[in-house]
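In what follows, a structure is listed as structure tokens, so that the remarks can point back to it.
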Amino acid sequence: MKKIKIYIAGHNGMVGKSIHNYLKKNKIGLIITASKKDLNLQNASKVTRFIKKNNPDVVINCAGKVGGILANNTFPTEFLNENIQIQTNLIKSSYQNNIEHFINLGSSCIYPKNSKQPIKENYLLTGSLEKTNEAYALAKIVGLKMCEFYNSQYNKSYLTLMPCNLYGPNDNFNSQKSHFLPALIKKVIENKKLNNVFIEIWGTGVPKREVMHVDDLASAIGFILKKKIKNDKKLLRLIKQTSVINVGSGIEYSVANFAKIICKVLNNKNKLSFNKDYPDGTMRKILDSTLIKSLGWKPKIKIKDGLNQTIKWYKKNYLN
């Protein structure tokens, strides 16, 4: 696999950096990257030229506009347009240039709001979406369906991996744009620094979330990639049945309990205060990861170890 050329779209994001580090550490392939300055992924002609010129064997798409409830609610058109354009350009260009292996990244938030739990891959589009991130979800569904249609129409084996909520180093800790876990980490740290009596949590704290360290997702991508390159029969059969495979950790707590765990790690004994003026979003999201586990993959990073590492990274990069 050392000679395999792998283009990582979005290599500067949290997921992209983790994948880049994983592939490099495990000496998997020759890695190709391009910054936003060098390649605008929303420009179809530039993407096509880049793919044609570099001719990768594999394209991994972890690029896109992401954010938490507030950002999704505030900028739905940007979340819709940018993500559709990026995915469409990468998938179409990969097909036009005969790229054999395409790994697309979805998100558990694109499943129906009131989906049965744990969420199986075939529950997609069986119900209405959560309104607070509908634009992002619709865009990601377009990318997922594009992979599915290229598979059925042109006999490709493009695959979308559907991770649960991710966290880890290089996450976005912007209070207005981040997902719930980095937002909680930042709030607990700032609360301790300011010595406030209460730690304000947006929403009721009741919703449950499954989380996974980003390095576990990187290991899953590396695992799937190796099997794909080797034309693993079981994996190819799965892709023919479904172009979507869930990647979850099975680690699930309520938002309030995540806040308590972070407080314990940081030795912050202040009380939690819940601001119910903010929406909760979907009440529960836990993935059924039976398919990927049946192939032989499982996550390894424990929640406290992952949070400790993430908190150390935050302190080093934001507080020093």
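Take every DSSP beta bridge whose two residues both sit in the chain, then give the antiparallel share in percent to the nearest 5.
Details: 3 of 32 bridges.
Roughly 10 percent of the DSSP beta bridges within the chain come out antiparallel.
Placing one identical point scatterer on every Cα of region 5-319 and ignoring solvent, what is log10 I(q)/I(0) from the Debye formula at q = 0.07, 0.15, 0.16 Å⁻¹? With no solvent term, the Cα-only Debye profile gives -0.27, -1.25, -1.41. The ranking of T126, T132, T33 from fewest to most other beta carbons within 10 Å of each one's beta carbon is T126, T33, T132. Report note on the peptides 286-292, 179-185, 22-28: ranked by the mean count of other C-beta atoms within 10 Å, highest first, their order is 179-185, 286-292, 22-28.
Label-to-label distance, T204 versus L138, with points set 7 angstrom from Cα along the beta-carbon direction: 2.8 nm. Note on region 68-138: with charges restricted to the Cβ of Lys and Arg (+1) and Asp and Glu (-1), its dipole about the Cα centre is near 240 debye. If you line up the long axis of helix 44-54 against the longest principal axis of the chain, both from Cα atoms, how many degrees apart are they, to the nearest 10? The angle comes out at about 70 degrees. The separation of region 172-247 from region 63-95, counted between C-alpha centres, amounts to 18 Å. Ranking of R209, R284, R237 by neighbouring Cβ atoms within 10 Å, starting from the fewest: R237, R284, R209. Counting only Cβ charges, +1 for Lys and Arg and -1 for Asp and Glu, the dipole size of the chain around its Cα centre is about 1060 debye. Assuming R0 = 22 Å, what is the FRET efficiency of N317 and K53, from their Cβ-Cβ distance, to the nearest 0.05? With a Förster radius of 22 Å, E is 0.05.
Within the straight-line cut-off of under 15 Å between alpha carbons, the aspartates and glutamates reachable from K269 are E190, E200, sequence neighbours fewer than 8 places apart in one chain being disregarded. Computed from the alpha carbon atoms alone, the convex hull of region 1-145 holds 122 Å³ per residue. Taking each of K37/K233; K37/K192; K36/K116; K3/K36; K260/K285; K120/K271 in turn, the alpha-carbon distance tops 29 angstrom for K37/K233; K37/K192; K36/K116; K120/K271.
Among 259-266, 299-306, how do they line up by average Cβ neighbours within 10 Å per residue, starting with the highest? Intermediate values should be presented prior to the final figure.
Working: 259-266: 18.2, 299-306: 15.8.
Packing proxy ranking, top to bottom: 259-266, 299-306.
Helix 303-314 and the longest principal axis of the C-alpha atoms of the chain enclose an angle of approximately 90°.
Taking other C-beta atoms within 10 Å as the exposure proxy, F173, F198, F258 rank F198, F173, F258 from fewest upward. Over region 1-72, Cα pairs under 8 Å with separation of 6+ residues give a relative contact order of 45 percent. Listed by chain and number, the aspartates and glutamates whose alpha-carbon sits under 14 Å from that of K65, ignoring those within fewer than 8 places in the same chain, are E78, E82, E134, D171.
Helix 76-96 sits at what angle to the longest principal axis of the chain, using alpha carbons and giving 0 to 90 degrees rounded to 10? For helix 76-96, the angle is close to 30 degrees.
Readers should treat all values here as calculations from the given coordinates under stated rules, not as data from a laboratory. A quick note: this is a predicted structure, and the numbers were derived from the prediction, not measured. So basically every Cβ, Gly included, is an ideal-geometry build from the backbone, and we count neighbours across all protein chains shown.
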